[in-house]
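The structure under discussion appears below in the form of structure tokens.
The values are calculated or read from the model by the stated rules, or taken from the named source; none is laboratory data. Note that the structure is predicted; figures quoted are calculated from it, not measured. Note: ideal-geometry Cβ built from the backbone for every residue, glycine included; neighbour counts use all protein chains shown.
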Amino acid sequence: MTKPHVTVLMGGPSAEYSVSMASGRMVFNALANLDDLIVDAVVIHEDGVWEKVQRIPDDVMHPAALIHKAPSRQVTLQGLHLLEATDVVFLALHGTFGEDGTIQAVLQTLHIPYTGSGPLASGTAMNKHRAKELFQFHGLPTAPEFYITPRRAESVDRMLPQIETRLGYPLVIKPNEGGSSVGIYMAANREELRDALMEHANTALPLLVEKKVVGRELTCAVLEEYNESLTPLPVIEIVPHAGSFFDFTSKYQDGGSDEICPAPIDHKSTQRIQDLTVRAHQILGCRGFSRSDFILTAEGPILLEVNTIPGMTPNSLLPKAANAYGLEFPQLMRRLVFLALGKNPDTAG
């Protein structure tokens, strides 16, 4: 039987470029050591140029600018030729272009299988406001919000009393489409809120202002089985050290946070969070795997967002949960590859 040819795709034109490179490096190294796969790597550099590489450098992770110049059509079309010989693409792309449904739609059009969710689920999950509308419609608990379009951002001072009346303080201000906690601000008063909104005004990106929910930070991942049933993984509690919340430094700096798996919470809360994780995955129409983030309050868990391409770095949460479940990292990566190919990972190879 011919070994499947896997291409790990990483980098990309987003603020999460360095995180994607770290994820891609870990995925590539894990898959390359398996006997039943042929593996190569393609990097989409920050300038949009695609390159097939033999080794992924150990770069220091850092958040990039929120706004990137879109690569030219010619550069992207040239890059896509690097995927001609592949059987399946392992998407280690985070943020814009990689996690928002764009690359998924391109690969689907080219009939190239890929790991993770499809264009619609990816795009909806990436758009926090639209995803929350769906969750609220289906009765899932979410934080109160105020959505700001780029046009509305031009009238910051007029919006301040509206936000205060609807939400009060404290508040969380975040890009509506983004991840890795890039561009997130906290506001305890009007001055801090105005500063955060003005900081984002120049980006011309949609914003989400949410009522800050107080409680324990938790996350839960779900894996899809070959028979399409869903298995929630153990819940993880996150205790940040480097920041006041689970920010970029806390996520990716060694020792930036403690991730306790399984989370030391009662059985009822664990079951509720796992159930909500499965429901959120289903509501969005996700595929393969996803990870949902929560705040556990005195009244119960609040769903924050769903990640369709969770990080695969040494400090990432999905690999830790899978390991606690009994799936070591190389086996987890192999499983995702064969599921993307429509094959049973337990009998393939």
Exercise. Which ones in the range 127-143 are touching a residue at least 40 places away in the same chain (Cβ under 8 Å) and among the polar types (S, T, N, Q)?
Worked result: Asn127, Thr142
Problem set entry | Filtered residues of the range 156-175 (kept if touching a Pro at 6+ places or on another chain (Cβ under 8 Å) and either aromatic (Phe, Trp, Tyr) or at pLDDT below 90 (or both)) | Pro175
Exercise. Somewhere in the range 15-29, is a residue under 23 Å from the mean Cα position of the chain (by Cα), farther than 16 Å from Asn315 by Cα, assigned by TED's automatic domain parsing to the domain that holds His81 and part of a loop (DSSP other than H, G, I, E, B)?
Worked result: yes
Exercise. Restricted to the range 84-107, and to residues that are among the aliphatic types (A, V, I, L, M) and touching a residue at least 60 places away in the same chain (Cβ under 8 Å), which residue is nearest to Gly342 (Cα to Cα)?
Worked result: Val88
For this session: Sort through His111, His129 and tell me the only one that's over 23 Å from Leu77 (Cα atoms) and surrounded by fewer than 22 Cβ atoms within 10 Å (Cβ to Cβ).
Result: His129
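If you go through the range 223-237 one residue at a time, do you hit one that is at pLDDT 75 or above and of a type in the set (Phe, Trp, Tyr)?
Start the filter on the range 223-237 by keeping residues that are at pLDDT 75 or above, which leaves 223-237.
Okay, now just the ones that are also of a type in the set (Phe, Trp, Tyr), so 226.
Checked the range 223-237: at least one residue is at pLDDT 75 or above and of a type in the set (Phe, Trp, Tyr).
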For this session: Please determine, by comparing only the residues of the range 109-137 that are in a helix (DSSP H, G or I) and of a type in the set (Gly, Ala, Ser), which one is farthest from Leu207 (Cα to Cα).
Result: Ala121
Problem set entry | Candidates Ala70, Ala41, Ala64, Ala32 - the one that is touching a Phe, Trp or Tyr at 6+ places or on another chain (Cβ under 9 Å) and at pLDDT 85 or above | Ala41
For this session: Name every residue in the range 111-126 that is free of Cβ contacts under 8 Å to residues at least 40 places away in the same chain and either under 11 Å from Glu177 (Cβ atoms) or aliphatic (A, V, I, L, M) (or both), in order of residue number.
Result: Ile112, Gly123
Seminar exercise, completed: Scanning the range 74-83 residue by residue, those of a type in the set (A, V, I, L, M, F, W, C) and free of Cβ contacts under 8 Å to residues at least 40 places away in the same chain turn out to be Val75, Leu77, Leu80
